[in-house]
Amino acid sequence: MNTDYAVFCGIDVGKSEHHAVALTADGARVYDKALPNDDRRLRAVFDRLTGHGPMLIVVDQPNTIGALPVTVARACGHDVGYLPGLSMRRVADLYPGQAKTDARDAFIIADTARTMPHTLRHVDTGDETLAELGVLVGFDDDLAGEATRISNRIRGLLTSIHPALERVLGPRVTHPAVLEMLSRHGGPQGLRKAGRRKPTTIATKHAPRMGARLVDDIFTALDTQTVTVPGTTAADTVLPKLADTLKETLLQRKSIADQIEEMLDAHPLSEVLTSMPGIGVRTAARILLEVGDGSAFATAGHLAAYAGIAPVTHRSGTSIRGEHPARFGNRKLKRAFFLSAFAALHDPTSRAYYDRKRAEGKKHNAALICLARRRCDVLHAMLRNREPYRQPSPAAA
């Protein structure tokens, strides 16, 4: 990042108002006040500070509550930087005092930008598609969490009243056939009362191949329990409502996924990302949001360290030696790399590398992390060269 600035303005963002501290290149404080989260007031302060020379504006949160000052700074023609929270906490330990105030945090942000510019990250403010995509992906993450919560609630309820039935329906709880049966007939009592014909009709409609076998498994499980656990009647009332809620949540996820795919297709890096085995629409969107075009990472090692998939060396004389998994990094990006590596196991090249790591004695998760690290090198090269994935030749593999 360019360091030829006359003023470094650190902003500790807040919901109703921010706190801004502006320092000159030699450390003199030229502004230290609360700053309302208002377009006109932000412009007025930025215009006044511009009188001292070129200015860099640094925030501790570029999205959500920090989106307005970042956007206003862009509109005023100023450069914008971002100081990550983990870096902020570590740097704060270097300053005297233990107080936690907005004014102190804003000063630390500004002084860090002035003295340690390497700790800052670029704010990708030039791509409006990414901003729109970020809102949709964030909502999709919320829906995914809600779907998981409801699924666990259904499985927990079935386990408490009829464990055998849960073993049949639990692993398939998000399947349309299972949700439709739960929605219409409820739990054990409702399914027994409905008989075989109605559940079979539902199951064969939504799952033609396994419908009949699923109903046979359900009634076999029902016959294994002869007692009625207290709460079964209430569960038959609650389960249809939970099933309907889960169906609606899954439908919303499908609708959002279509919008994400449509928006992702308009981005120039979409074909580059989705060409790699194991990277689908949601994973590509998450990588694009967290990495951008990859220009902020000089090497693939920098990207791997940022994602937390690069091993960390622990060395202390002769007593502690070796490499260990990282306990830090961008968790969302790490999860995207991990899931894409798992999904890529159907690819012969990825599978061969995974099997080789397993043969070396690594467990499943460790082998997947190794595969994710290897794929990170390829992904960084793809983004750098703007080229889609190419299958390696047999000799290269």
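What residue, among those in the stretch 278-301 that are among the aliphatic types (A, V, I, L, M) and not in a helix (DSSP H, G or I), is farthest from PRO348 (Cα to Cα)?
Initial filter on the stretch 278-301 (among the aliphatic types (A, V, I, L, M)): 279, 281, 284-285, 287-289, 291, 296, 298, 300.
Cutting the leftovers down to not in a helix (DSSP H, G or I) gives us 279, 296, 298.
Numbers: ILE279: 15, ALA296: 31, ALA298: 29 Å.
Restricting to residues being among the aliphatic types (A, V, I, L, M) and not in a helix (DSSP H, G or I), the top hit is ALA296.
Checking the structure you have, find out if any residue of the stretch 30-37 is within 30 Å of SER295 (Cα to Cα), over 23 Å from the mean Cα position of the chain (by Cα) and modelled with pLDDT of 90 or more. Explain how you work it out, then say what you get.
Filtering the stretch 30-37 for residues within 30 Å of SER295 (Cα to Cα) gives none.
No, the stretch 30-37 has no match at all.
Only one of LEU264, LEU251 is at pLDDT below 90 and either among the aliphatic types (A, V, I, L, M) or part of a helix (DSSP H, G or I) (or both). Can you tell me which?
Working: LEU251 fails: at pLDDT below 90.
Selected residue: LEU264, the only one of LEU264, LEU251 that is at pLDDT below 90 and either among the aliphatic types (A, V, I, L, M) or part of a helix (DSSP H, G or I) (or both).
For every residue, the table says whether it meets (1) surrounded by fewer than 19 Cβ atoms within 10 Å (Cβ to Cβ); (2) in contact with a Phe, Trp or Tyr (Cβ under 6 Å, 6 or more places away or on another chain).
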{"site": "VAL21", "(1), (2)": "no, yes"}
{"site": "GLY27", "(1), (2)": "yes, no"}
{"site": "ALA34", "(1), (2)": "yes, no"}
{"site": "GLN61", "(1), (2)": "no, no"}
{"site": "LEU86", "(1), (2)": "yes, no"}
{"site": "ARG90", "(1), (2)": "yes, no"}
Test: residue in the stretch 344-363 that is of a type in the set (A, V, I, L, M), farther than 21 Å from GLU271 by Cα and in a helix (DSSP H, G or I): yes
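For (1) within 30 Å of GLY85 (Cα to Cα); (2) modelled with pLDDT under 95; (3) loosely packed, with under 14 Cβ neighbours inside 10 Å; (4) of a type in the set (Asp, Glu), each residue gets a yes or a no:
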site	(1), (2), (3), (4)
ARG331	yes, yes, yes, no
ARG335	yes, yes, no, no
THR349	no, yes, no, no
LYS362	no, yes, no, no
ILE369	yes, yes, no, no
TYR389	no, yes, no, no
Residues being surrounded by fewer than 18 Cβ atoms within 10 Å (Cβ to Cβ) and touching a Lys or Arg at 6+ places or on another chain (Cβ under 7 Å) - total across the stretch 1-19: 0
Odd one out for ALA300 among (1) surrounded by fewer than 19 Cβ atoms within 10 Å (Cβ to Cβ); (2) more than 19 Å from the chain's Cα centre (by Cα); (3) not polar (S, T, N, Q): (1)
Qualifying residue in the stretch 134-152 (condition: surrounded by 15 or more Cβ atoms within 10 Å (Cβ to Cβ), outside any helix (DSSP H, G or I), not aliphatic (A, V, I, L, M) and not assigned by TED's automatic domain parsing to the domain that holds MET88): no
Residue check, VAL59 under 22 Å from the mean Cα position of the chain (by Cα) and at pLDDT 90 or above: yes
Complete set of residues in the stretch 102-122 that are without any contact (Cβ under 8 Å) to a residue 24 or more places away in the chain and over 16 Å from TYR82 (Cα atoms): ARG104
Verdict on ALA305 being crowded, with 21+ Cβ neighbours inside 10 Å and in a helix (DSSP H, G or I): no
Output for the stretch 244-279, where each listed residue is within 18 Å of the chain's Cα centre (by Cα), under 16 Å from GLY292 (Cα atoms) and without any contact (Cβ under 8 Å) to a residue 24 or more places away in the chain: SER270, THR274
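The values are calculated or read from the model by the stated rules, or taken from the named source; none is laboratory data. Computed from a predicted model, the values in this text were never measured in an experiment. Backbone-built Cβ (ideal geometry, glycine too); neighbour counts: all protein chains shown.
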